[in-house]
Amino acid sequence: MSQAVLTRDAVRAQPSLGAVFAAASRSEWTKLRTVRSTVWALLFAVVCIVGLGTLLTALEVSRWDHRSITEIKGFDPLLWAFGGLDSLAQLAIGVLGVLVMSSEYANGGIILTLGATPQRRLLLAAKVSTFAAVVAVVSLMTCPVTFFVCQWLLASKHAGLSIADPGALRAVFGAALHLVLIGVIAVGVGALVRRTAGAVALLFGILLVLPGLVSLLPSPWNNQVTEYLPSSAGVAMSAVVRFPNLLGPAGGLLVLCGYVAATLAAAAVLLVRRDA
Amino acid sequence: MIEASHLSKRYGQTLAVNDLSFVVGSGQVTGFLGPNGSGKSTTMRMIVGLDAPSSGAVTVDGQPYGQLRFPLRRVGALLDANAIHPGRSARSHLTWLADSNAIPRRRVDEVLSIVGLSDAAHRRAGQFSLGMGQRLGIAGALLGDPDVLIFDEPINGLDPEGILWVRHLLRSLADEGRTVLVSSHLMSEMALTADHLLIIGRGTMLAAGPVAELVERSSGHHVRVLTPAPEILGDILRAKGATVVTDGPEGLSVTGLEARDVGIIAAAADVTLYELSTQRASLEEAFMELTRDHAEFRAGEPVPS
């Protein structure tokens, strides 16, 4: 250690908060790419988005000739294309997002992370944006693929969309963004709950179980509340047909962003206030 | 330099750390000593900003840790050697740590070689032994080449060679002018490693000062005398103001007089001495003496059968 690693000036100089954020983000990227669970979860998500979307659309095509006219008229050609994204892929990204925080609490690594970046809000921002960027890359690569494959399948029944059709491009980006926002919420829930099992249970309680419970409410509350659940709001972002009891794409995006903001705000407050 | 002033931490009803004030200076190894559960780890967690003090404050080089940007360049800490993702290799672990404080990545290989883990760099941390985990934790603390180093029980799980290595490392870090704070519950280890001691029990500072001075102060010493006439000599010594306790049929344990004086008095009284020696308590005994009433968990007295 005779040779100084960093010059005195480099040590004494107070780096900007931007530099702290950049370093924390780079560090989070290194963490993500050096554990196997990331690769497996992302691979699983890719297979679900493209494979399951294609499979569900193919099943629809095979049943097409038995459909009634009203069913065909109300059919959203993207409904099944993003069926894999809305279900299993969301699960994989959700678990991975929770693990971004909870795995560090589980193995104690959080004391190193918070020791390295005591600016805790900035750290949360770095974790969230790094994970969001990774999910965005995955979803932006897979959503167009599943779109084109599924529409090619539907074209044989003259039910497919072209990317130039109204709403089509928006729906593809909507689906991609939907997955990113679910991932962001998952990181926030991981920071709030800290324990993997509890956080995963809470996240999927909200995304999967809550819609079922709300549907048990007396009418018309069940439908009115359902519109504003994060799961419905997310699905609305990638719809090209306006379904009853579903917000429009912009409304869905707005509502989901509301959930993101609320989760991250709560996570930031608790992360600063609680002992590591 | 680390400075704590009136530092306290309360968990519900328990006062884990109670009004600690101390200064850890540079260029020496400061031992932080106390029985298990005495608040050493909690204090260290407050130093590096993981836990917020209930009251009081602690600063590193005059600044609260939470205000440091890229703190690993100023302060290196090993608080929990198990705090490593088991699926990550040693090298990847140190790489993310280096990235977080914009420390050049070539430093990762340097610290791996300093702690002797170069050959295990690509092995997953989950396969590491306790001792290797400690070495990896120490590598993490050294990563930013910091002026202040904090080690919580660094020799846990190390083999004798590893213990010797840590001792030399702590010494050389201090000799380079760095501030080194190292906790232990083993007085004997601290006697070999530290220059300065902070001794706590149940969150309260019991003693602080240079190692030699603490031994002197806390244990005192006594003079052991063997004589064929213990009763006669005992009475004479008591008359001179000494405290005398019988120790065996021919032995006396004398406090309050130096061995030299006991010898002069015995010669004047024409009493034969077989043995005259100064007995110093070991550091371990001094520590036990200090913390006797402050150990949180203590084995009961052996039950006579």
Item to complete: Could you size up the charge dipole of the protein assembly as shown around its Cα centre, putting +1 on the beta carbon of Lys and Arg and -1 on that of Asp and Glu, and report it in debye to the nearest 20?
Response: 2600
Worksheet item: For region B:15-39, list residues with backbone N below 18 Å from a point placed 7 Å from the Cα of B:Ile114 toward its Cβ?
Response: B:26-30
Item to complete: Would you mind working out the magnitude of the charge dipole of chain B relative to its Cα centre, with +1 at each Lys and Arg C-beta and -1 at each Asp and Glu C-beta, to the nearest 20 Debye?
Response: 1440
Item to complete: Note down the relative contact order for region B:165-227 as a percent, whole number, built from C-alpha pairs under 8 angstrom at least six residues apart.
Response: 19
Worksheet entry | Within a Gaussian network of chain B (alpha carbon springs, distance under 10 Å), most fluctuating of B:Ile236, B:Ile103, B:Ile150 | B:Ile236
Discussion item. Projecting each Cα onto the charge dipole of the protein assembly as shown (Lys/Arg +1, Asp/Glu -1 at the beta carbon, about the Cα centre), which of A:Leu253, B:Met288, B:Val148 comes out farthest on the positive side?
Written reply: A:Leu253
Practice prompt. List A:Asp165, A:Asp76 from most exposed to least, where exposure is judged by having the fewest other Cβ atoms within 10 Å.
Written response: A:Asp165, A:Asp76
Practice prompt. Show that you can apply the helix-only estimate: for chain B, add -39,500 (n - 2.57) for every DSSP H stretch of four or more residues, divide by all residues, and state [θ] at 222 nm to the nearest 500.
Written response: -10000 deg cm²/dmol
Worksheet item: For region A:125-254, what does the alpha-carbon gyration tensor say about shape, rounded, prolate or oblate, given a ≥ b ≥ c as the root eigenvalues, a/c under 1.5 as rounded, and a/b over b/c as prolate?
Response: oblate
Response to the item:
With the charge dipole of region B:12-141 built from beta-carbon charges (+1 for Lys and Arg, -1 for Asp and Glu) about the Cα centre, the Cα from B:Thr43, B:Ala81, B:Ala125 projecting farthest to the positive end belongs to B:Ala125
Worksheet item: Over region A:32-115, what is the mean sequence separation of C-alpha contacts under 8 Å (at least six apart), divided by residue count, expressed as relative contact order in percent?
Response: 43
Discussion item. Which one, B:Thr179, A:Leu213, A:Trp40, projects farthest toward the positive side of the charge dipole computed for the protein assembly as shown from Cβ point charges (K/R +1, D/E -1)?
Written reply: A:Leu213
Worksheet item: Pick from B:Pro53, B:Pro230, B:Pro64: which is most flexible by mean-square fluctuation in a GNM of chain B where alpha carbon atoms under 10 Å apart are linked?
Response: B:Pro230
Response to the item:
Quick calc: nm separation of the 7 Å Cα→Cβ label points for A:Ala133 and B:Asp235 -> 9.2
Response to the item:
Heads up, region B:71-197 by the C-alpha gyration tensor (a ≥ b ≥ c square roots of eigenvalues; a/c under 1.5 rounded, else a/b over b/c prolate, else oblate) looks oblate
Worksheet entry | Taking B:Met205, A:Met237, B:Met288 and counting other C-beta atoms within 10 Å, the order from fewest to most | B:Met288, B:Met205, A:Met237
Discussion item. Only four residue types carry charge here, +1 at the Cβ of Lys and Arg and -1 at the Cβ of Asp and Glu. Report the dipole size of region A:70-206 about the Cα centre in Debye, rounded to the nearest 20.
Written reply: 400
Worksheet entry | Charge context of A:Leu96, other residues only, Cβ under 14 angstrom, K/R +1, D/E -1 | +2
Worksheet entry | Label-point gap, in nm, between A:Ala201 and A:Trp152 - each point 7 angstrom along Cα→Cβ | 4.5
Worksheet item: How high is the relative contact order of chain A, in percent, counting Cα pairs under 8 Å that sit 6 or more residues apart?
Response: 23
Response to the item:
Taking every DSSP bridge whose two residues both lie in chain B, the antiparallel percent to the nearest 5 is 65
Worksheet item: Between Rg and the Kirkwood Rh of the protein assembly as shown, both from Cα atoms, what is the Rg to Rh ratio?
Response: 1.18
Worksheet item: Is it possible to state the helix-based mean residue ellipticity at 222 nm for chain A, with each DSSP H run of 4+ residues giving -39500 (n - 2.57), the sum divided by total residues, to the nearest 500 deg cm²/dmol? What is it?
Response: -22000 deg cm²/dmol
Worksheet item: Could you put A:Phe131, A:Phe82 in order, starting from the residue whose Cβ has the fewest other Cβ atoms within 10 Å?
Response: A:Phe131, A:Phe82
Worksheet item: Taking chain A as a Gaussian network, where each spring joins two C-alpha atoms under 10 Å apart, which residue of A:Asn245, A:Asn107, A:Asn223 fluctuates the most?
Response: A:Asn107
Practice prompt. Sort region A:178-251 into rounded, prolate or oblate with this rule: let a ≥ b ≥ c be the square roots of the eigenvalues of the Cα gyration tensor; rounded if a/c is under 1.5, and if a/c is not under 1.5, prolate when a/b is larger than b/c, oblate otherwise.
Written response: oblate
Worksheet item: Once both axes come from the Cα atoms, what is the angle between helix B:130-142 and the longest principal axis of chain B, in degrees from 0 to 90, rounded to 10?
Response: 70
Worksheet entry | Kirkwood-based shape ratio for region B:1-73, expressed as Rg/Rh from alpha carbons | 0.96
Item to complete: Sum up the charges of everything whose Cβ sits under 15 Å from the Cβ of A:Gly83, counting Lys and Arg as +1 and Asp and Glu as -1, but leave A:Gly83 out.
Response: -2
Worksheet, complete the sentence: With B:Thr43 itself left out, Lys, Arg at +1 and Asp, Glu at -1 over residues whose Cβ is under 11 Å from its Cβ give +1
Worksheet item: Residue separation times 0.36 nm, minus the C-alpha to C-alpha distance between A:Phe173 and A:Asp275: what's the value?
Response: 32.8 nm
Fill in: Spatially proximal lysines relative to A:Lys127 (Cα-Cα < 26 Å; intrachain offsets below 8 disregarded)
A:Lys31
Discussion item. Need one value for A:103-115: mean number of C-beta atoms belonging to other chains within 10 Å of its residues' C-beta atoms.
Written reply: 6
Item to complete: With viscosity set to 1.567 mPa s and temperature to 4 °C, compute the Stokes-Einstein D of chain A, Rh being the Kirkwood radius across alpha carbon pairs; µm²/s, no decimals.
Response: 64
Practice prompt. Consider a paramagnetic label point 7 Å from the Cα of B:Thr246 along Cα→Cβ; state which residues of region B:253-272 have an amide N under 14 Å from it.
Written response: B:253
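Taken together, the values in this text are just the output of simple stated rules run on the coordinates, not laboratory data. Given the structure is predicted, the values throughout are model-derived calculations rather than measurements. Here Cβ is always computed from backbone atoms with ideal geometry, including for glycine, and neighbour counts include all displayed protein chains.
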